[in-house]
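In what follows, a single structure is set out as structure tokens and then discussed.
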Amino acid sequence: MKRTEAQVLALMKAGLTGEAPPQDLFTGAVDWQAIYDIAFSQTMVCIVTDGISLLPDEQKPVIDILELFLADTLATEIRNDQMDRFLVKMTGPLGKAGFNPVVLKGQCLALNYPDPRHRQSGDIDLLVPPSDYPALRDYLASKADRLADEYSEVLHQGMVFGNIEVEVHGAISSLFSFSLDSKLAGEVEALFANEDFCEVPIRDGRIRVPGDSFNAVYILLHTFRHYFTAGVGLRQICDWAMFLHAHRETLDREAIEKKLRYLGLMRAWKVFGAFAVEYFGIPSESVPFYTPVSKRRLERMLSFVFKCGNFGSNEDRIRGDEPYLIKKIHSFLLFDVHDKLRHLLVFPVDSLRFFFGAVFYGFRRLFRGV
């Protein structure tokens, strides 16, 4: 691990736990620009900034560099306020129109952070039963400023309102296993049939989210999927870790274990759990089924996360100006072959388990032209 990467992790851990980072890691020359660049690529600038505030004044960056961190933090606070307002403004009328979606991850996970304003926001994901998907899609599409491509095979439609992206989902898909997706469809059906929902406070509203057991497994699945398909950043893993820590007293471990074993995700849970304890400072008691994982295995995983950046932001391996077929072939060779083989060292069973499903999904989308 590079010194700058170790410094980023130390500052992140300090920002999350409130405990000062080790001062000896910041003695001598410190490349604060490199620290900023890494934090930016991982969408963790605000958390790192919180960690910097715990350093002695003589070890903090000079004002010109510090302004980079502070400007990003202020911009993130403003963006989160905008996102919160929009979320409340959107979900209220949806209920009156007869729609009762649940909000997945995103703004509702920010509440699990020490300062919710400092989790960098993304888009807004709404989940409804498959039967309600066409109606909700059409209802929101009629009000959107712009539509993204629809992935009808997984009941997914993206759309943009101003500068805020909303995704409507009628299913949860892994994109690498048909058998897993079939089981996930049953989990979604049970979620709505049993009304397994919670409400979280956002500004002056109450936002419906999945129940804690469903959420704990779904957030992991979402993170695991991106690790295998598009590159995952520290913030995505941190979302899951902070959720577990914030709900550590109330999580139904028996229900979670049942879901994990049914979906075949217990191996992934244990590796990501060990990662959260090692690099985010989450107490092992906050991670159900915590099991120590070899340092080398975690280091390989961390190396891949730093290499990729959030949603693969560090990797310009697929150029937008390539012809469609060439781009898809490159995508197949790099993401479905190269990365899956690389992941054998961290997730040996799951890499083999999901390889052929990912290839099949890729070819199906290739021939459908999406």
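The values are calculated or read from the model by the stated rules, or taken from the named source; none is laboratory data. In this text the structure is predicted, and so the values were computed from the model without any measurement. Here the Cβ is made from the backbone with ideal geometry for all residues, glycine too, and neighbour counts use every protein chain on show.
Which is more than 18 Å from the chain's Cα centre (by Cα) and at pLDDT below 95, of 91, 73? It would help to see each step written out before you state the result.
Numbers: 73 fails: at pLDDT below 95.
Among 91, 73, only 91 is more than 18 Å from the chain's Cα centre (by Cα) and at pLDDT below 95.
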Can you give me the number of residues within segment 140-161 that are within 22 Å of residue 80 (Cα to Cα) and either in a strand (DSSP E or B) or touching a residue at least 60 places away in the same chain (Cβ under 8 Å) (or both)?
5
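From the set of residues in segment 235-277 that are without any contact (Cβ under 8 Å) to a residue 60 or more places away in the chain and β-branched (Val, Ile, Thr), which is surrounded by the fewest Cβ atoms within 10 Å (Cβ to Cβ)?
Of all residues in segment 235-277, those without any contact (Cβ under 8 Å) to a residue 60 or more places away in the chain come to 240-241, 244, 248-258, 260-261, 265-266, 269-270, 272-277.
Next, only the ones that are β-branched (Val, Ile, Thr) stay: 250, 256, 277.
On the way: 250: 7, 256: 22, 277: 20.
Ranking the qualifying residues of segment 235-277, first place goes to 250.
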Given (1) surrounded by 22 or more Cβ atoms within 10 Å (Cβ to Cβ); (2) polar (S, T, N, Q); (3) in a helix (DSSP H, G or I), residue 43 misses just (3)
Are any residues in segment 280-313 on the phi > 0 side of the Ramachandran plot, assigned to a loop (DSSP other than H, G, I, E, B) and at pLDDT below 95, and if so, which ones?
281, 309
Counting only residues that are of a type outside the set (A, V, I, L, M) and within 30 Å of residue 38 (Cα to Cα), give me the helices (runs of 4 or more DSSP H) lying completely in segment 162-255 with at least 2 of them.
212-229, 234-246
Tell me, please, whether a residue that is under 30 Å from residue 349 (Cα atoms), of a type in the set (Phe, Trp, Tyr) and either out of contact with any Pro (no Cβ under 6 Å at 6 or more places or on another chain) or part of a loop (DSSP other than H, G, I, E, B) (or both) can be found in segment 103-119.
no
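Could we say that residue 65 is under 21 Å from residue 17 (Cα atoms) and more than 20 Å from the chain's Cα centre (by Cα) here? Walk me through it before giving the result.
On the way: under 21 Å from residue 17 (Cα atoms): no; more than 20 Å from the chain's Cα centre (by Cα): yes.
No: the conditions fail for residue 65.
Quick one: which of 87, 70, 127, 104 is touching a residue at least 12 places away in the same chain (Cβ under 8 Å) and surrounded by fewer than 20 Cβ atoms within 10 Å (Cβ to Cβ)? So that I can check it myself, show each step before the final result.
Values: 87 fails: surrounded by fewer than 20 Cβ atoms within 10 Å (Cβ to Cβ); 127 fails: surrounded by fewer than 20 Cβ atoms within 10 Å (Cβ to Cβ); 104 fails: surrounded by fewer than 20 Cβ atoms within 10 Å (Cβ to Cβ).
Answer to the check: 70.
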May I ask you to list the residues in segment 179-195 that are more than 15 Å from residue 262 (Cβ to Cβ) and of a type outside the set (A, V, I, L, M)?
192, 194, 195
Being over 17 Å from residue 181 (Cα atoms), among the aliphatic types (A, V, I, L, M) and touching a Ser or Thr at 6+ places or on another chain (Cβ under 9 Å) is the filter here, so list the residues in segment 203-224 that pass it.
207
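Out of segment 174-216, which residues are of a type in the set (Ser, Thr, Tyr) and either at positive phi or surrounded by fewer than 16 Cβ atoms within 10 Å (Cβ to Cβ) (or both)? Show your work before the answer.
Filtering segment 174-216 down to residues of a type in the set (Ser, Thr, Tyr) leaves 174, 177, 179, 182, 213.
Residues satisfying the conditions are 179, 182.
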Selected residue (criterion: farthest from residue 351 (Cα to Cα)) from residues of segment 219-253 that are more than 10 Å from the chain's Cα centre (by Cα) and hydroxyl-bearing (Ser, Thr, Tyr)
250
Any residue at all in segment 17-29 that's within 24 Å of residue 297 (Cβ to Cβ), hydrophobic (A, V, I, L, M, F, W, C) and buried (at least 19 other Cβ atoms within 10 Å of the Cβ)?
no
Just to be sure I understand, how many residues within segment 180-229 are small (Gly, Ala, Ser) and in contact (Cβ under 8 Å) with a residue 12 or more places away in the chain?
5
